[in-house]
1. For region 221-254, name all the residues that are assigned to a loop (DSSP other than H, G, I, E, B), β-branched (Val, Ile, Thr) and surrounded by fewer than 24 Cβ atoms within 10 Å (Cβ to Cβ).
2. Tell me, yes or no, whether region 313-323 has at least one residue that is touching an Asp or Glu at 6+ places or on another chain (Cβ under 8 Å) and within 21 Å of residue 205 (Cβ to Cβ).
3. Residue by residue through region 46-58, note down the ones that are away from the ligand (no atom under 16 Å from the Cβ) and closer than 18 Å to residue 243 by Cα.
4. Can you name every residue in region 105-129 that is within 16 Å of the ligand (Cβ to nearest atom) and not small (Gly, Ala, Ser)?
5. Mind listing whichever residues of region 263-290 are at pLDDT below 95 and not in a helix (DSSP H, G or I)?
6. Could you tell me which numbered condition residue 257 fails, if it satisfies all but one of (1) assigned to a helix (DSSP H, G or I); (2) within 14 Å of the ligand (Cβ to nearest atom)?
7. I'm told residue 46 meets every condition in (1) surrounded by fewer than 19 Cβ atoms within 10 Å (Cβ to Cβ); (2) in contact with a Ser or Thr (Cβ under 6 Å, 6 or more places away or on another chain) except one. Can you identify the failing condition by its number?
8. I'd like to check which helices (runs of 4 or more DSSP H) are fully inside region 38-118 and have at least 3 residues that are β-branched (Val, Ile, Thr).
Amino acid sequence: FMRNITHRQLFLSHVAQTSRFPLALEIDSAEGVYMHDVNGKKYYDLISGIGVSNVGHRHPAVVAAIKEQVDRYLHLMVYGEYVQAPQVLLAAALVGSLDSPLAETAPYGPINRVYFTNSGTEAVEGAMKLAKRFTGRFGFVACKDAYHGASQGALSLAGQAFFQENFRPLLPGMTRIRYGVVEDLEQIDHRTAGLVIEPIGGESGVRVPDIDYMRAVRKRCTETGTLLILDEVQTGFGRSGTFWAFEDFGIYPDILLSAKGMGGGMPIGAFMASETVMSVLMENPILGHITTFGGHPVSCAAALAAFDVIQSERLHEAAGRKGQLIKDYLGAHPLVKEVRGKGLMLAVEFDSFPLLKQIIDRLIEVGIVTDWFLFCDHSMRIAPPLIITEEQISEVCRKIIGVLDEIEL
Ligand code: PMP
């Protein structure tokens, strides 16, 4: 009976929808910066599945690593019981990437312990539990318009009113401050377990803070015994022009969060801290945190391959130049109010959501996928795979400008 029902109909009738405007494209295959739908139409993926495909779709090294692992074992045991080669090698690679002189600015020293999760949200949740246990406090400070996930804890931390209001009561002890405003940092005090903050605001529409602000953040956290929890779920793994965004801000976190681009297209996340901080999860009562699938060996193998591709090809360094090219192309158009961002994490601002929606719909017709931000609906997200070439950038930007010209007339 299914024969006459299209996949699109099944999608609309059986896959729970929470998006106002699901794209509903049916993709048959994807590689590099391209996706191909079931009708053979080719699309540029300019958002990397929202910051995931940093090394491109199906990078050959990632695919090979996955295949190799699939031929050995899939799942063995809940997290942390067995020595799994891809997991320990990934942990060592991540710790190596965090070996920085900046660690001296952090009160608890260099990050050398990795707890693997399945997603960014779970990394946030784990970090919140860790900060509560380490400090003995339950207060958290986070920024208005930040997005850290949709679970009870992450939702309680942050998000615009429309996102939170139907789910009250939320966790107690949450304070929201304005991103980038130094005076608001005074609200971090001796009751605050952790400040959860993005080094570049993602879903607020790519907000790049001043270096001075981030330094003040570090200072205030240290003064009040608050753990600085940097959410690099969106900024990490080369997206913003350095491997980790914090490197450019001259600060070092107490807990670092990663996910999204980390897995090269596979689900994985992590919260990372120094041994001093992380060790409280080992103290009594035992099982300070637990997960069945976190750090899945296939995801770890993919993540390790993605890590190596970014590091060996210095993709993060090229992201700065590539991002600047996009800024130069699109920033010159009269419909564009501003192009914000760093590396290949960009926001192109327009006057209104209806105008932007019209542009995005038209871009999809011409084979370019972009979107807007969760908490900034008049800015277009541009976050292509880091492997995008300069030729591809000029081709896609010319097409975007063609669409903007058409709309302007
Ligand atoms: N933190 C940030 C900064 C994010 O951008 C996101 C996802 N958009 C999350 C956390 C949540 O990650 P996930 O969707 O993998 O749970």
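The values are calculated or read from the model by the stated rules, or taken from the named source; none is laboratory data. All of these numbers come straight from a predicted model, not from anything done at the bench. Here the Cβ is made from the backbone with ideal geometry for all residues, glycine too, and neighbour counts use every protein chain on show.
1. Result: 242, 251.
2. Looking through region 313-323, at least one residue is touching an Asp or Glu at 6+ places or on another chain (Cβ under 8 Å) and within 21 Å of residue 205 (Cβ to Cβ).
3. 55, 56 - these are the residues of region 46-58 that are away from the ligand (no atom under 16 Å from the Cβ) and closer than 18 Å to residue 243 by Cα.
4. If the condition is that a residue be within 16 Å of the ligand (Cβ to nearest atom) and not small (Gly, Ala, Ser), then 115, 116, 117, 118, 121, 122, 124, 125, 128, 129 are the ones that fit.
5. If the condition is that a residue be at pLDDT below 95 and not in a helix (DSSP H, G or I), then 282, 283, 284, 285, 286, 287, 288, 289, 290 are the ones that fit.
6. (1)
7. (1)
8. Numbers: elements: 48-51, 60-70, 85-97.
So the answer is 60-70.
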